[in-house]
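Undergrad: Here's a structure for you.
The values are calculated or read from the model by the stated rules, or taken from the named source; none is laboratory data. In this text the structure is predicted, and so the values were computed from the model without any measurement. Note that we place each Cβ from the backbone using ideal geometry, even for glycine, and neighbour counts take in every protein chain shown. SASA here: full protein model, heavy atoms, side chains in, ligands and nucleic acids out. Shrake-Rupley method; radii C 1.70, N 1.55, O 1.52, S 1.80 Å.
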Amino acid sequence: MKGKLVATVIAISVGLFILVGTLLPFPILVPMRLELLRWAVIISSAAVMVGIANLISVHFQKVRRREKNSIYSAVLILSMSFTLALGVVFGPNGEWTQALFEGIIFPVEASLMALLAVTLIYASVRLLRRRADLMSIVFVVTAALTIFASISLPFFGEIPLLGDVIGPWLTSTLAAGGARGLLLGVALGALTTGLRALFAFDRPFGGK
Amino acid sequence: MNQIVALALVLFAALLLLALTLRKRKSPAVFREIAAFARLRRAAGLAVEDGSRLHVSIGRGSLLSPRGAASLSALALLRQIGEQTSTSDRPPVVTSGDPAVAALSQDTLQAAYQSAGVTELFQPNSGRLAGLTPFSYAASAMDVARQDYVSTNVLVGDFGPEVGLLTEASERESATIIAAATDSAAQAILFASAAEPLVGEELFAAPAYVGADPAHRASLQAQDVMRWLLILGLFVMAALKMAGLP
């Protein structure tokens, strides 16, 4: 109970200090704010180690209990240990470490990205079957118009009217306006959520 | 000038939030019905009844970045879901892509179990770090979504386009999807792939709709008041500009 109270007091004090230091232009607050942010970065780095230990623990238990697909967990633990060993021995910029990134990690992530493109096309096709309302029709028509406005056909080039008038109007007027509206709403939500944490109405760090 | 406007906005929001939270109301505030939240409440109840599991994925928003607000809101929602499903035979599993948020998700779940009086049922590994890069996070969370007995995937927080892989995995398992993100690309993907997508600031309304905490409800009301003031301000400024004033 006492620990939670201390955590709450520290979190609120630091949060208030950072907020005041950001909004009020007092020169004395700037170095203190930067120092506190440096501490936060160091603590986050320690959190990465804790997170990785948690990840290993979860997958180790899956292997130990011989759960379904636990072979993947074993592969994860082995490859994680191998990558860590390579990083420790040759350094993060070493030839072997870089080869591992460029030969395995980047291609795997790129193939997931390609898979995502296919998934999205499939989702768009199914959208009207799943939810045939006005907004879905507007969504599909806008996406189709934007795609056709950005392509150029062989021999013809840009599609007349669509490529030079409708496409730019859609992206710079309608889409930009809508995106700004969404961003303003998200900003207001972020502001009130931050204030709730600052007033300790929400205390993920202290058990509420 | 910008700093003064920001300071005024923060002070106004803080006073409004405090006033609305501490105000004694005769009846609880009534909000418009949002289908996704009704479905989430139903899914939480069903998970307890039929012994299925909820997978809550709270994204990759680092608390050191502006995206951390989405993670804080997702943690507040997790607290509500944790309390409602803590007595289920299969406790909810939480995945995140940021180590600090993963640690907080464990703390939040533990607090929810304590609040429900079933501390002994809490399992620390229910809150886990899924991966540190967007696609490693998605791949790991997809694995959890495909596990047996996951009946509902709640994807609420800071996601990028990789959220499309999660919704696809969820749909393959015929699980219910409740999804909200702050990133505009992720919102477009969720609109196309989720049955009941939540758009824009609806992510921040989730704790108020799922629980009954006065601070969450006041926060939603404060957002509404500020939104209307902002709309009014935009109209006034547009009118002034049209009239030729600087």
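Undergrad: Have a look at B:S193, B:L17, B:S65 and report the one farthest towards the positive end of the charge dipole of chain B, computed about the Cα centre with Cβ charges (Lys/Arg +1, Asp/Glu -1).
TA: After comparing all options, I get B:L17.
Undergrad: Then there is this: Would you mind working out the magnitude of the charge dipole of the stretch A:35-171 relative to its Cα centre, with +1 at each Lys and Arg C-beta and -1 at each Asp and Glu C-beta, to the nearest 20 Debye?
TA: Computed charge dipole of the stretch A:35-171: roughly 940 debye.
Undergrad: Is chain A best put as rounded, prolate or oblate by its Cα gyration tensor, with a ≥ b ≥ c the root eigenvalues, rounded for a/c under 1.5, and otherwise prolate when a/b is larger than b/c, oblate when not?
TA: oblate
Undergrad: On to the next question. Per residue of the stretch B:22-39, in order, report the coupling 6.51 cos²θ - 1.76 cosθ + 1.60 (Karplus, θ = phi - 60°) as ³J(HN,Hα) in whole Hz, putting x for Gly and Pro.
TA: Ordered by residue, 3J(HN,Hα) equals 7, 5, 7, 9, 6, 9, x, 4, 10, 10, 5, 6, 10, 4, 5, 6, 4, 5 Hz.
Undergrad: Return one whole number: the accessible area per residue of the protein assembly as shown in Å², for a 1.4 Å probe.
TA: Accessible surface, normalised per residue, equals 53 Å².
Undergrad: About its Cα centre, what dipole magnitude does the protein assembly as shown give when the only charges are +1 on Lys and Arg Cβ and -1 on Asp and Glu Cβ, stated in debye to the nearest 20?
TA: Roughly 1260 debye, rounded to the nearest 20.
Undergrad: Here's another thing I want to ask about it. Restrict the search to the stretch B:26-123; then list the chymotrypsin sites (Phe, Trp or Tyr not before Pro) that DSSP places in a loop and that have at most 16 other Cβ atoms within 10 Å of their Cβ.
TA: Filter output for the stretch B:26-123: B:F31.
Undergrad: Per the Kirkwood formula on distinct C-alpha pairs, the Rh of the protein assembly as shown is how many angstrom?
TA: In the protein assembly as shown this quantity evaluates to 23.9 Å.
Undergrad: Something else: Hey, can you grab everything whose amide H is under 5 Å from the amide H of B:R53? Only 5+ residues off in sequence or another chain; H modelled, so Pro and N-termini drop out.
TA: Here the answer is B:V150, B:S151, B:T152, since their amide H atoms fall under 5 Å of that of B:R53.
Undergrad: Along each of its three principal axes, how wide is the spread of alpha-carbon positions in the stretch A:42-102, in whole angstrom units, largest first?
TA: 37, 29, 17
Undergrad: Rounded, prolate or oblate: which fits chain B, taking a ≥ b ≥ c as square roots of the Cα gyration tensor eigenvalues, rounded meaning a/c under 1.5, else prolate when a/b beats b/c?
TA: prolate
Undergrad: Continuing with this model, one more query. Find the eigenvalues of the gyration tensor of the Cα atoms of the stretch A:1-90, then list the square roots of 5 times those eigenvalues as equivalent ellipsoid semi-axes, largest first, in whole angstrom.
TA: Each semi-axis is the square root of five times an eigenvalue, giving 41, 19, 9 Å.
Undergrad: According to the square roots a ≥ b ≥ c of the eigenvalues of the Cα gyration tensor, what is the shape class of the stretch B:1-105, taking rounded for a/c under 1.5, prolate for a/b larger than b/c otherwise, and oblate for the remainder?
TA: oblate
Undergrad: For chain B, what is the charge dipole size about the Cα centre, in debye to the nearest 20, if Lys and Arg each add +1 at the Cβ and Asp and Glu each add -1 at the Cβ?
TA: 900 debye
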